[in-house]
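**Q** To start, I am sharing the structure in question, which I have written as structure tokens.
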Amino acid sequence: MAETVPAAQLARPIIEIRHLRKVYRRDRQELTVLDGIDLDVPDGAFEALMGPSGSGKTTLLNLIAGIDAPTSGSIRVAGVEIANLSETSRADWRAHNIGFIFQFYNLLPVLTAAENVELPLLLTRLSRAERRRRVEVALKLVGLLDRMHHTPRQLSGGQQQRVAIARAFVADPKIIVADEPTGDLDRRSAEEVLALLRTLNETLGKTVLMVTHDPHAAEAAKVRRRLDKGQLT
Amino acid sequence: MTLTNLAVRNAFLRNPTRSVLTVLGVMVTAVAFLFLRTILTAWYASSEASAADRIVTRNAISLTQSLPLSYGSRIAQVPGVTRVTWSNWFGGIYKDRRNFFAQFAIDARSALEVFDIRFVQGSEADFLGDRNACIVGKGLAEKFGWRVGDTVPLFSEIYPGDWKFRIAGIVEGTDDASIANTMYFHWARLNEGLPDRIKDTVGVFTSKVSNANDSPRVVRDIDALFANSDAETHTETERAFRLQFVRGSSAILTALQIVSGVILVIMALILGNALAMGLRERTGEVGVMRAIGFLPRHVRALAFGEGAMLGALGGVLGCLLARPVLHAVGKFAASIGFLSNVSYTVTTALATAAVAAIIGAAASALPAVQAARMEIVNALRRQE
């Protein structure tokens, strides 16, 4: 259940979920992680998904991002029923619509900050010069243009997460999904990351879905939802 | 930045110690593979260097049994035979048994017409004009420091006594590298000192035929000529004659072939193990790339490229290292009269490097397919 109802919620939903179920099977046991989820997320929203460990937050995020498939139900994201897409089509769809931010940044250590940001652009037909321009714009926005030639090992955790944020939006996706983006950061770095997510939402108009344990991080979102035992409460 | 660039960095920068050890492993196996292939090639080369228009006649019982010298003139009358020469294996020892090299007593004038022997130093006329003269291969002259005019003393257990020959020429073969490591002297000089029971006997006759395509018929005609005689003959092409010696070592050759195959398997295991470890360590990164939109084929291509690059680099370094090794081995093998054609060839080296690259790509197949097949959520969960 939403705790606040901002004006953005009046807009057309970019995410429409109906009767969503996700059941994991291990050996002969079945574990229902999500059970009958219905959810509408308006275009341009910034929502936080909270809940205890094992409540299904990350699973729901993965399903919305198209990196996992539901057991049953419908997930319509950006006008596309993603559960019906083939693997190749879903990969292409993700490349165009979803930007990912992970708890542990997941930058490629053999690449520089600029090259990590450029990674999603390798899937586009942009020229090298255009890719470089976009990378510089993205790194400038996260305040790391001067560190573009540094490798992840030469950056702090907060800086690495900012590079990961730049990577998430450099290809101009409609939706940014962030799984515990501040979970591995100190307070100051976490604030910087949350401020950047707000900028992506408010200035660039991205829909941001964030999974977090941290109530303080959740405060950055305009809408906060709780998941418990596989159901939205 | 390109995916190729990423593959290069994954291969060489991610874990430099492992990359160096993997490349060294491939390099050593490439040297061993190249070495064995070269030995095998050299082993067969002596028969491949044979002229198509030369045929060899020996005693049908065994090569150790001789033939009457008189057979020579009868062979010369077989239609298609243009020239006949003969020779005896001498089996002499120069100072010490370790100084092994081949010596043949030849009918000099006809031999120089049948075989393609080129004088590097000295002269044909000097050799032909002196019954005590000999000609020595260039390799032997280099090994023992012989010069034209020197005397070579030999001790023979087959033809007892001390023999001395003056070097009238230093020679090499234009189509047969073994000539450079062989000594030739006059058959007449040998024959005159032999006891009557083995006088005027010959080890083999070598005939030159006017048309190589006629060889099968000439072979049949010669053997038919001496059928049911006291010394029946066995005639064959020079290539077939030389192949007997190779076939005599068939067990060794088969073992070498198998070992060279095992070396390739070891190379594949070294590469496969390194690639599997590398891909396993970056499961999370593979998950991220897949989440971003990269397809399983991109993951496979990266892994194949990585394996091919590690294999190719190891192969190329192995080929470079093999060059001096093979030169040294070749010199040594020739010096003991074992193989005279052991030499580094660019073709074999390129083939080795290509095989290493292909094996590198092939060895990455299993880990690449496994990584590409992995569910994205599982890959992302693996690193948490």
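**Q** State all residues of segment B:168-209 that are of a type in the set (Asp, Glu) and surrounded by 21 or more Cβ atoms within 10 Å (Cβ to Cβ); if no residue qualifies, say none.
**A** Within segment B:168-209, B:Asp176 is the sole residue that qualifies.
**Q** In this structure, is A:Arg76 of a type in the set (Lys, Arg), out of contact with any His (no Cβ under 7 Å at 6 or more places or on another chain), within 9 Å of chain B (Cβ to nearest Cβ) and not in a loop (DSSP other than H, G, I, E, B)?
**A** No; evaluated as a whole, the condition is false for this residue.
**Q** Output the strands (runs of 3 or more DSSP E) that fall wholly within segment B:131-236 and possess 2 or more residues being touching a residue at least 12 places away in the same chain (Cβ under 8 Å), in contact with a Lys or Arg (Cβ under 8 Å, 6 or more places away or on another chain) and more than 17 Å from B:Gly92 (Cα to Cα), or say none.
**A** Here the list reads B:161-173, B:204-209.
**Q** Among the residues of segment B:28-46, is there at least one that is out of contact with any Phe, Trp or Tyr (no Cβ under 6 Å at 6 or more places or on another chain) and within 30 Å of B:Ile198 (Cβ to Cβ)?
**A** yes
**Q** Sticking with this structure for a sec: Tally the residues that are within 14 Å of chain A (Cβ to nearest Cβ) and either touching a helix residue (DSSP H, G or I) at 6+ places or on another chain (Cβ under 6 Å) or surrounded by fewer than 20 Cβ atoms within 10 Å (Cβ to Cβ) (or both), restricting the search to segment B:1-37.
**A** 17
**Q** To continue, here is another question. State all residues of segment A:93-111 that are within 19 Å of B:Leu295 (Cβ to Cβ), of a type outside the set (A, V, I, L, M, F, W, C) and touching a helix residue (DSSP H, G or I) at 6+ places or on another chain (Cβ under 8 Å); if no residue qualifies, say none.
**A** Hits for segment A:93-111 are A:Arg94, A:Gly99, A:Asn106.
**Q** Do we find that B:Leu112 is in the same structural domain as B:Asn211 (by TED's automatic domain parsing), among the aliphatic types (A, V, I, L, M) and over 23 Å from B:Glu238 (Cα atoms) in this structure?
**A** Against the criterion (in the same structural domain as B:Asn211 (by TED's automatic domain parsing), among the aliphatic types (A, V, I, L, M) and over 23 Å from B:Glu238 (Cα atoms)), B:Leu112 does not qualify.
**Q** Only one of A:Thr32, A:Thr88 is in a helix (DSSP H, G or I), more than 18 Å from the chain's Cα centre (by Cα), at negative phi and not charged (D, E, K, R); which?
**A** A:Thr88
**Q** Does A:Thr182 satisfy the condition of being crowded, with 21+ Cβ neighbours inside 10 Å and hydroxyl-bearing (Ser, Thr, Tyr)?
**A** Judged against the criteria, A:Thr182 is a match.
**Q** Exactly one condition in (1) in contact (Cβ under 8 Å) with a residue 40 or more places away in the chain; (2) within 18 Å of the chain's Cα centre (by Cα) is not met by A:Thr59; state its number.
**A** (1)
**Q** Using beta carbons and a limit of 7 Å, which pairs, at least six apart or on different chains, have the first residue in segment B:69-86 and within 15 Å of B:Ala108 (Cβ to Cβ) and the second one in a helix (DSSP H, G or I) and of a type in the set (Val, Ile, Thr)?
**A** B:Arg83/B:Val114; B:Val84/B:Ile75; B:Thr85/B:Val114
**Q** Does A:Arg153 satisfy the criteria of being away from chain B (no Cβ under 11 Å) and not aromatic (Phe, Trp, Tyr)?
**A** Answer is yes for this residue.
**Q** For segment A:91-108, which residues satisfy the criterion of being free of Cβ contacts under 8 Å to residues at least 60 places away in the same chain, crowded, with 22+ Cβ neighbours inside 10 Å and either within 18 Å of A:Ala69 (Cα to Cα) or of a type in the set (Lys, Arg) (or both)?
**A** Of everything in segment A:91-108, those that are free of Cβ contacts under 8 Å to residues at least 60 places away in the same chain, crowded, with 22+ Cβ neighbours inside 10 Å and either within 18 Å of A:Ala69 (Cα to Cα) or of a type in the set (Lys, Arg) (or both) turn out to be A:Ala91, A:Arg94.
**Q** Return the residues of segment B:287-303 that are within 20 Å of B:Phe12 (Cβ to Cβ) and either of a type in the set (S, T, N, Q) or facing another protein chain (nearest Cβ under 10 Å) (or both); say none if nothing qualifies.
**A** If the condition is that a residue be within 20 Å of B:Phe12 (Cβ to Cβ) and either of a type in the set (S, T, N, Q) or facing another protein chain (nearest Cβ under 10 Å) (or both), then B:Met289, B:His298 are the ones that fit.
**Q** Could you look through segment A:167-210, keep only residues that are over 12 Å from the mean Cα position of the chain (by Cα) and within 18 Å of A:Ala113 (Cβ to Cβ), and pick out the one that is nearest to the other protein chains (Cβ to nearest Cβ)?
**A** Among them, the one singled out is A:Ala171.
**Q** A further question follows. Failed condition for B:Ser50, given (1) over 30 Å from B:Leu310 (Cβ atoms); (2) modelled with pLDDT of 90 or more, with all others met?
**A** (2)
**Q** When segment B:237-248 is examined, which residues are found to be in contact (Cβ under 8 Å) with a residue 40 or more places away in the chain and of a type in the set (Lys, Arg)?
**A** Result: B:Arg239, B:Arg242.
**Q** Please verify whether B:Leu40 is under 22 Å from the mean Cα position of the chain (by Cα) and not assigned by TED's automatic domain parsing to the domain that holds B:Phe226, treating the condition exactly as stated.
**A** When the stated conditions are applied, B:Leu40 passes them.
**Q** Examine segment A:112-134 for a residue that is among the hydroxyl-bearing types (Ser, Thr, Tyr), within 13 Å of another protein chain (Cβ to nearest Cβ), touching a helix residue (DSSP H, G or I) at 6+ places or on another chain (Cβ under 6 Å) and outside any helix (DSSP H, G or I), and state whether such a residue exists.
**A** Scanning segment A:112-134 turns up no residue that is among the hydroxyl-bearing types (Ser, Thr, Tyr), within 13 Å of another protein chain (Cβ to nearest Cβ), touching a helix residue (DSSP H, G or I) at 6+ places or on another chain (Cβ under 6 Å) and outside any helix (DSSP H, G or I).
The values are calculated or read from the model by the stated rules, or taken from the named source; none is laboratory data. Bear in mind that the values here come from a model prediction, so they are computed numbers and not experimental data. Methodologically, a virtual Cβ is constructed for each residue, glycine included, from the backbone with ideal geometry; neighbour enumeration extends over all protein chains shown.
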